[in-house]
Amino acid sequence: MTDTGAIEKVAIIGSGPAGYAAALYTARADLSPLVYEGFAWGGLLQQTTDVENYPGFPEGIMGPDLMQRMRDQAARFGARLETDDVTKVELSRGGGPHKLWVGDDVHLAQTVVLAMGAQHRKLGVPGEQELSGRGVSYCATCDAAFFKNAETLIVGGGDSAMEEAMFLSKFAGTVGIVHRRDEFRASKIMLDRARAIPNIEWLTPYVVEELHPAENGSLGHARLRNTSDGSERDVPITGAFVAIGHEPQSQLVQGQVETDEAGYVVTQGRSTKTNVPGVFAAGDLVDHTYRQAVTAAGSGCEAALDAEWYLRDNPQRLDQPAAAGTATA
Ligand code: NAP
């Protein structure tokens, strides 16, 4: 095990818009943040094509280009980027330092910003992974404009599925909502709005069994199975949008910071403070609701300011030796 002994002022785990915004702000505050950006740096936007709703890019920007720019901007002001995954943490309840491991190397940090994001829940059916980005998408708000007059499906029965379907219906020729039950989890108001849209069709109770390519290699049809009588049907489509929820990537800190029943890290009031002193959380890791690049970047900024103010208000803690009990949520 390597222990450098140095205590970082700010360690940031994660490298989506929240992580890089926190890095930018803490770097500009002269806190020299250490960013564990992970091997697959850049978060969910790395899997996206055109981003047309991030302010400041009137022509749109490719998701990976946007993340490269955020990364470069943070690095320009002195953020140190470690392209590695944190494998274990021990958060201190006594105000730090907190311990973070990358394999056998242990690092100490006075404050930690958790920004590990969330993953779209996957269907886990044949064809889904292969056709991702070639007709299969997890974000209609991002990709709907590429499906003008197309035959499409939305999978899911919650508010996200309704919202995505309504947005998609403005572009697509038809939008079939595939849901595994006849009852919907979505709120009545959202359901009523979706039901009022003529090019939305309802496919219940069905699950997607398989997704198949057309001759051009892009999505060609979905095989659906009726969950009540077991019958199957093939639906020709060029777009399938999966909206069956998200999974926050909070496994690293489970049991150490407070999380809710869905695994999202709980923050206090309007702040990014967790229930562990000096540990802040931002972005999709805490956000059930908005989950946009721009909202994640905004909360990364908030976490940076909260960390900066914490260090300002707890100056003596910078020099404490690694000690104090480990946090349990
Ligand atoms: P959600 O409410 O958890 O709904 C997920 C849906 O996906 C459920 O209908 C579920 O079916 C289905 N599902 C889950 N796993 C599945 C699988 N493996 N195969 C097929 N179907 C599956 O998630 P959400 O819609 O993303 O909403 C999350 C939260 O954000 C909610 O609190 C929601 O109200 C909120 N939200 C609000 C708005 C708004 O008000 N404008 C918009 C979006 C989201 P079952 O119902 O059978 O479990």
Checklist entry - Are there cysteines in the chain with no other Cys C-beta under 4.7 Å, and if so, which? => result CYS301
Checklist outcome for this item: One would report the antiparallel percent of DSSP beta bridges in the chain, rounded to the nearest 5, as 45
Item to check | Table column - 3J(HN,Hα) (Hz), segment 47-55, Karplus curve with 6.51, -1.76, 1.60, x for Gly and Pro | outcome: 9, 10, 8, 6, 10, 10, 10, 9, x
Checklist outcome for this item: Largest first and rounded to whole Å, the semi-axes √(5λ) derived from the alpha carbon gyration tensor of the chain read 41, 20, 17
Checklist outcome for this item: Ordered by number, the trypsin sites (Lys or Arg not before Pro) in segment 232-290 that occupy a DSSP loop and have at most 12 other Cβ atoms within 10 Å are ARG270
Item to check | For segment 194-317, size of Cβ-based charge dipole, Lys and Arg +1, Asp and Glu -1, in debye | outcome: 320
Next on the checklist: Let me spell out the model: positive unit charges on the Cβ of Lys and Arg, negative unit charges on the Cβ of Asp and Glu, origin at the Cα centre of segment 122-242. What dipole size does that give, in debye rounded to 20?
Outcome noted: 300
Checklist entry - Check GLN249: other-chain or 5+ apart residues with amide H under 5 Å from its amide H, H built from backbone geometry? => result GLY117, ALA118, GLN119
Checklist outcome for this item: Under the rule rounded for a/c under 1.5, else prolate if a/b exceeds b/c, else oblate, using alpha carbon gyration tensor axes a ≥ b ≥ c, segment 13-61 is classed as oblate
Checklist entry - Cα to Cα, under 16 Å, and not fewer than 8 places away if on the same chain: which lysines meet these conditions relative to LYS148? => result LYS170
Next on the checklist: Loop only by DSSP, 16 or fewer other Cβ within 10 Å of the Cβ. Give me the GluC sites (Glu not before Pro) in segment 152-195 that pass, ordered by residue number.
Outcome noted: GLU183
Item to check | FRET efficiency, VAL125 to PHE77 (Cβ-Cβ, R0 51 Å, nearest 0.05) | outcome: 0.70
Item to check | Among 40-51, 190-201, 218-229, the order from most to least packed when residues are scored by Cβ within 10 Å on average | outcome: 40-51, 218-229, 190-201
Item to check | Amide H contacts of THR49 (H built 1.01 Å from N, under 5 Å, at least 5 apart or other chain) | outcome: GLY63
Checklist entry - Using a ≥ b ≥ c from the Cα gyration tensor of segment 172-256 (square roots of the eigenvalues), is it rounded, prolate or oblate, where a/c under 1.5 gives rounded and otherwise the larger of a/b and b/c decides, a/b for prolate? => result oblate
Item to check | Relative contact order (%) - criterion: Cα under 8 Å, at least six apart; region: the chain | outcome: 23
Checklist entry - Rounded, prolate or oblate: which one fits segment 122-242, using the alpha carbon gyration tensor with axes a ≥ b ≥ c (rounded when a/c is under 1.5, else prolate when a/b beats b/c, else oblate)? => result oblate
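Read-outs throughout are calculated quantities, based only on the coordinates presented, and are distinct from any laboratory measurement. Given the structure is predicted, the values throughout are model-derived calculations rather than measurements. FYI the Cβ positions are ideal-geometry reconstructions off the backbone, even for glycines, and counts take in every protein chain you see.
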